[in-house]
Amino acid sequence: MDDDIIIITDLVKKFGDKTALDGLDLRVHRGELFGFLGPNGAGKTTTVRCIATLTNYDSGTIIVDGVDLKKNQTAAKNRMGVIQQQISLDKDLTIRENMISHAMYHLIPKKERDERIKELSDYFDLGEYLDKPVDSLSGGWKKRAAIVCAMLHEPAVLFLDEPTSGLDINARRLLWDVVKSLHAKGTTVFLTTHYIEEAEALCDRVGIINKGKIIALDEPKKLCENVGNVAVEYMDEGKTRYRYFKTDEEAKEFVSNLNNVSNVTIRATNLEDVFVEMTGSSVGSQK
């Protein structure tokens, strides 16, 4: 159990007659950067909200860093930092005031609080923004500030629910660096995202959820290998079609036998191919 910081067993969550999580089982290893993918409505955000104690669940067990949520929710919450899709910083306060407020919520003594604010602000280059109002910052800097707030109490695991949604590519890449730095320092990171390349570039392992259940879980490379190492992409009767093969030779032989098709491409299989094959949906679509 010590190797798994999150253990979810037979988790069920319903909203009226709709089952959002249908007996979900999941283990996240301590110290890993874990990616969570799925179509819209598949249960990603609901899973995070249940783990983070933001939403009650109907049945099942969630253990975070050895603490059962049903038995000691407060102790479990103290082990977690959570960044939701919508920035939860107080817009009427400066960044520093938000950090102080967060530290006080977690009963961090003033001396330790000030040291942590300086350490994290320096680490994430937030120093010049500390006394600026939240609304004066760009989306990328707001996300950085939110991460610093969430890290002040030194959580064992940090949840990032689609943290780069709505950011431009430069801001996204800057935030990737932040996430990689946290992971390098030993923080377990649980990342949900619609950006497949994000999961492929950052994550040690990736879980794919669909209709409230985990349908695939492994390292990105191994997930791709399970579909096929080589993809053939081509246009046929006005539609883009895909076929997957273990070797380049098999792919080339397949292409040599194609007739009346166009725009043929042979390439390495990627995580988006896995996602579509497993869920039947494109990224960000409803399922």
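Coordinate-derived values only; no laboratory data. From a predicted model like this one, the values you see are computed outputs, not experimental measurements. Don't worry about glycine lacking a Cβ; one is built from the backbone with ideal geometry, like all the others, and counts go over all protein chains shown.
Okay, here's what the table says:
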{"quantity": "Elements of type strands (runs of 3 or more DSSP E) in segment 213-287, at least 2 residues being closer than 30 Å to G23 by Cβ", "calculated": "213-218"}
{"quantity": "Residue that is farthest from Q85 (Cα to Cα), among those in segment 48-61 that are out of contact with any Ser or Thr (no Cβ under 8 Å at 6 or more places or on another chain) and of a type outside the set (D, E, K, R)", "calculated": "S59"}
{"quantity": "The listed residue being hydroxyl-bearing (S, T, Y) and in a loop (DSSP other than H, G, I, E, B), out of T47, T74, T55, T61", "calculated": "T55"}
{"quantity": "Selection count where residues are of a type in the set (V, I, T) and more than 16 Å from D161 (Cβ to Cβ), scope segment 9-47", "calculated": "3"}
{"quantity": "Qualifying positions in segment 157-198 - surrounded by 18 or more Cβ atoms within 10 Å (Cβ to Cβ) and β-branched (V, I, T)", "calculated": "V157, T164, V178, V179, T187, T188, V189, T192, T193, I196"}
{"quantity": "Residue count, segment 148-197 (criterion: among the basic types (K, R) and assigned to a loop (DSSP other than H, G, I, E, B))", "calculated": "1"}
{"quantity": "Hits in segment 109-138 - residues which are free of Cβ contacts under 8 Å to residues at least 40 places away in the same chain, in a helix (DSSP H, G or I) and crowded, with 16+ Cβ neighbours inside 10 Å", "calculated": "R113, R116, I117, L120, S121, Y129"}
{"quantity": "Residues within segment 171-228 that are under 17 Å from V148 (Cα atoms) and aromatic (F, W, Y), tallied", "calculated": "2"}
